[in-house]
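The values are calculated or read from the model by the stated rules, or taken from the named source; none is laboratory data. It should be emphasised that the depicted structure is a prediction, and the values quoted were computed from it without experimental measurement. Cβ placement follows ideal geometry from the backbone for every residue including glycine, while neighbour counts extend to all protein chains displayed.
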Amino acid sequence: MKETFKHDMIRILAVIPAGILFGVNTKMFAKGGGLFPGGVAGLSVLIQQIFMKFGGISVPYTPINILLNAVPVYIGFRFIGKKFTARSLEMILISAVITDIIPWPPITNDLLLLSVFGGVLNGSAIGLALKADATSGGTDFIAIFLSERKGIDAFNIVLFMNIGVLFTAGLLFGFDKALYSIIFQFVSTQILHIVYRTYMKQTLLIVTDNADEICQAIYSNSHHGATIMNSEGSFKHEKRKMVYSVIARSEVKKVIKLINNIDPAAFVNSLPTTDFRGKFFYRTYD
C-alpha cells in the first residue's frame, strides 16, 4: 500500500514539468508562429484564431481546450483507468493554464525554426507525460480506447482529424502555416518514437538449457507468456530448448538481464516486431 502511494505520487509530480513544457511550447512555438499542433491542442488554437479573425474576440485557450477534452476525459474515466485519466486531466489543466498566463512572445520569427524546435519540445513533453502514465488528452484517449479496448486501428482516425484541422487552417489563414504545422507534427512524432517505446514490441529468441526458469522469469516480470521449442545445434548437434516470446520494447533490457542471471551461456536474439496477431498482455493504466 505504501509503495503504491509512493509510486502514484512520483507519477503525479512527474506530470507537472510535462504540463509546463507542453504549455510553454504551445504558447511560444505553436501559437507564437501561428502553427497548429496535432490533436485537441491544434483544434483549440484553430478555434481561438477563428474567433479572433471573424469576430475580433480574444477567447482564452483554457476553456476551449477543457470543453473539447470533456468527452475524451469521460471515455478515459469510464473505460481506460481513473488514475490514468486523473493524471491526464492534471496535464491538460496545467498546460492549458500555462498557455494562457505566460506573457512570453515567440523566441524567433523564423517559422522553420519554430516548427522544428517546437516539434522537439512537443514530442518531449508528451513522452514525459506518457512515462508518468498520463497523456496530453484529447485524441490520445480516443486512440487508446479504440485500439486496445475495441481492437480498431485508431491511427487513421487521428490522422484524418489532424488533416481536417490543417486543411481548415490552410483555407482560413494560409497554407504556408498549415505546411509548417506538418513539419511541427512530424518532428514531434519522431521525437516521441525516440523517448517513448512502451507501445513498441520486441521478439526474443533464446537458446538455453534453462527454458522453464526463463519462461517463469519472463512471466513474473513482464506478464508475457512464452513458447518452448526443441532445437538442435548445427555444429555439435546438441539438443537444446528455444524460448520464443514477444514483450514490450521498454522491458527488453530488464528481461535480458534476468535471462543472463539464470543462464549466462544463453544465446539471445532480440528482434523488432512491427506486426503480429493474437493475444498480447497490455498492462492496465492504473
* Asked: If you go through the stretch 171-223, how many residues are over 28 Å from Ser250 (Cβ atoms), aromatic (Phe, Trp, Tyr) and touching a residue at least 60 places away in the same chain (Cβ under 8 Å)?
  -> 2
* Asked: Would you call Gly118 touching a Leu at 6+ places or on another chain (Cβ under 9 Å) and on the phi > 0 side of the Ramachandran plot?
  -> no
* Asked: What about Asn25, is it over 15 Å from Pro106 (Cα atoms), assigned by TED's automatic domain parsing to the domain that holds Pro106, crowded, with 21+ Cβ neighbours inside 10 Å and touching a residue at least 40 places away in the same chain (Cβ under 8 Å)?
  -> no
* Answer residue from the stretch 47-67, given it is among the aliphatic types (A, V, I, L, M) and more than 22 Å from Leu89 (Cβ to Cβ) and is surrounded by the fewest Cβ atoms within 10 Å (Cβ to Cβ) among those -> Ile57
* **Of the criteria (1) in contact (Cβ under 8 Å) with a residue 40 or more places away in the chain; (2) in the same structural domain as Leu130 (by TED's automatic domain parsing); (3) not charged (D, E, K, R), which one Ala266 fails** => (2)
* Verdict on Ile80 being over 17 Å from the mean Cα position of the chain (by Cα) and surrounded by 16 or more Cβ atoms within 10 Å (Cβ to Cβ) -> no
* Hey, among the residues in the stretch 222-240 that are of a type in the set (Gly, Ala, Ser) and in contact with a strand residue (DSSP E or B) (Cβ under 6 Å, 6 or more places away or on another chain), which one's modelled with the lowest pLDDT? -> Ser222
* Asked: If you go through the stretch 263-286 one residue at a time, how many are at pLDDT below 85 and not in a strand (DSSP E or B)?
  -> 13
* **Any hit, the stretch 247-262, residues being outside any helix (DSSP H, G or I) and modelled with pLDDT of 90 or more** => no
